[in-house]
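The values are calculated or read from the model by the stated rules, or taken from the named source; none is laboratory data. Only a predicted model underlies this, so the values are computations on that prediction, with no experimental measurement involved. Every residue, glycine as well, gets a Cβ built from its backbone with ideal geometry; the counts of neighbours run over all protein chains shown.
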Amino acid sequence: MDIDAQTRLVGLLGYPIEHSRSPLIHNTAFRHQGLNWLYVATPVVPGEAAAAVQGLKALHFAGANVTIPHKEAVRPLMDELSPQAQAVGAVNTIVCRRTDGEVSLFGDNTDVAGFLEALRPYAEGLQGAALLLFGAGGAARAVAYALLSTFRPSRLTIVARRPAKAEPLVRDLVAHDEDGALEVCAFEEAAAAVRASTLLVNATPVGMHPHTGQTPWPHPQDFSSGQIAYDLIYNPEKTRFLEEAAARGVVAIGGLEMLIQQAAASYSQWTGRSMPTEVVRRALAQK
Ligand code: NAP
């Protein structure tokens, strides 16, 4: 599709963004569906989020993705928030809604839906189960909300290297923790919870390229079949955490599926179409 005066624009606001796979994902989908749309990654330095969001309106963008470090900063700039963005306290998708020349901004957090999509086949076994999450950062917030609101776990253990830093997460999500499932513990105290949990999620960057020799849990003897290990890291696709879990008969899920599914959820809000995820998966595999 040629870029011309009709081309609709979607942006990525973040910094740094030069390694982002989102332009490849969305532009592959636009091309495949014959849409005259273009996704551009725009480096927005810290402190410039408000100006960038104003720019989206002024330049008639259809919307944007938001990534580190602006996911929290853009939240108060939205005219309306989805329940997910409200609960997580962060926006990763902006939809610019235009009516009668007026633009209103809708903020969503599609990390929630993207994370849950890969767990669909296992949903029954996760209802009311004990679940565990390594990490207490931005992604962990989306994951914790997704798990609490979807599976009503008997326990959701947040394993944090600085447990005091996880307290705001617990405080913010307490309204969605009807069963008092949330607990925070340090890595040194987590062995029993790791062994007892049906789902183990890595929401830390530990094991990410180029530090592929690392793992958030270097005690694979604590893994057993019947568990699910889910690593949010997508580079590499199979982390040490997932390889060691799979060697013990654990179901292993990598972060690439979440990356694709959160993108698909944004794409359908901008275009009104379903993203051709198979085509996108193939394009990512070729890069
Ligand atoms: P973040 O906000 O920086 O949070 C990282 C968390 O990991 C923090 O709790 C941090 O603890 C902890 N941590 C960092 N290094 C650690 C270490 N060596 N040992 C133990 N804990 C450590 O990052 P994020 O945005 O949540 O992202 C986390 C990971 O998820 C990244 O790998 C990211 O690429 C991935 N992710 C993937 C997707 C996807 O679509 N697949 C989406 C979002 C994120 P402190 O607070 O103590 O520093």
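Odds and ends about this structure:
- Being touching a helix residue (DSSP H, G or I) at 6+ places or on another chain (Cβ under 9 Å) and hydrophobic (A, V, I, L, M, F, W, C) is a property that holds for ALA146.
- Pick from the stretch 160-183, criterion exposed (fewer than 12 other Cβ atoms within 10 Å of the Cβ) and not aliphatic (A, V, I, L, M), ranking: farthest from the ligand (Cβ to nearest atom): GLU178
Condition check ((1) modelled with pLDDT of 95 or more; (2) at positive phi; (3) of a type outside the set (Phe, Trp, Tyr)) across all residues:
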{"residue": "SER225", "(1), (2), (3)": "yes, no, yes"}
{"residue": "PHE241", "(1), (2), (3)": "yes, no, no"}
{"residue": "ALA245", "(1), (2), (3)": "yes, no, yes"}
{"residue": "ARG248", "(1), (2), (3)": "yes, no, yes"}
{"residue": "ILE260", "(1), (2), (3)": "yes, no, yes"}
{"residue": "MET275", "(1), (2), (3)": "yes, no, yes"}
{"residue": "ALA285", "(1), (2), (3)": "no, no, yes"}
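- Only residues that are of a type in the set (Asp, Glu), assigned to a strand (DSSP E or B) and within 16 Å of the ligand (Cβ to nearest atom) were counted across the stretch 102-150, and they come to 1.
- Against the conditions (1) more than 14 Å from the ligand (Cβ to nearest atom); (2) under 30 Å from ARG8 (Cβ atoms); (3) touching a strand residue (DSSP E or B) at 6+ places or on another chain (Cβ under 8 Å); (4) not charged (D, E, K, R), PRO83 satisfies every one except (3).
- Count - residues of the stretch 69-89 that are touching a residue at least 40 places away in the same chain (Cβ under 8 Å), surrounded by fewer than 22 Cβ atoms within 10 Å (Cβ to Cβ) and over 19 Å from GLN54 (Cβ atoms): 1
- Residues that are of a type in the set (Val, Ile, Thr) and more than 22 Å from ALA85 (Cα to Cα) occur at least once in the stretch 159-180.
- Considering residues of the stretch 228-258 that are outside any loop (DSSP other than H, G, I, E, B) and surrounded by 23 or more Cβ atoms within 10 Å (Cβ to Cβ) only, the residue nearest to the ligand (Cβ to nearest atom): MET258
- Filter result for the condition that a residue is among the hydroxyl-bearing types (Ser, Thr, Tyr) and under 25 Å from SER22 (Cβ atoms), over TYR145, TYR122: TYR145
- Of the set (1) at pLDDT below 95; (2) part of a helix (DSSP H, G or I), all apply to MET1 but (2).
- Of the residues making up the stretch 191-227, those that are in contact with an Asp or Glu (Cβ under 8 Å, 6 or more places away or on another chain), in a helix (DSSP H, G or I) and free of Cβ contacts under 8 Å to residues at least 60 places away in the same chain are ALA191, ARG195, PRO220.
- The stretch 259-278, subset loosely packed, with under 15 Cβ neighbours inside 10 Å, of a type outside the set (Lys, Arg) and more than 29 Å from LEU200 (Cβ to Cβ), residue nearest to the ligand (Cβ to nearest atom): SER268
- Test: PRO153 is in a loop (DSSP other than H, G, I, E, B), modelled with pLDDT of 95 or more and either of a type in the set (S, T, N, Q) or more than 16 Å from the ligand (Cβ to nearest atom) (or both): yes
- Number of residues in the stretch 16-48 that are buried (at least 17 other Cβ atoms within 10 Å of the Cβ) and in contact with an Asp or Glu (Cβ under 9 Å, 6 or more places away or on another chain) equals 1.
- Residue list for the stretch 50-68, restricted to those being modelled with pLDDT of 95 or more and either assigned to a loop (DSSP other than H, G, I, E, B) or touching a Leu at 6+ places or on another chain (Cβ under 7 Å) (or both): ALA50, ALA52, VAL53, LEU59, HIS60, PHE61, ALA62, ALA64, ASN65, VAL66, THR67
- If only residues of the stretch 188-227 that are of a type in the set (D, E, K, R) and farther than 15 Å from ARG161 by Cα are counted, the one that is nearest to the ligand (Cβ to nearest atom) is ASP222.
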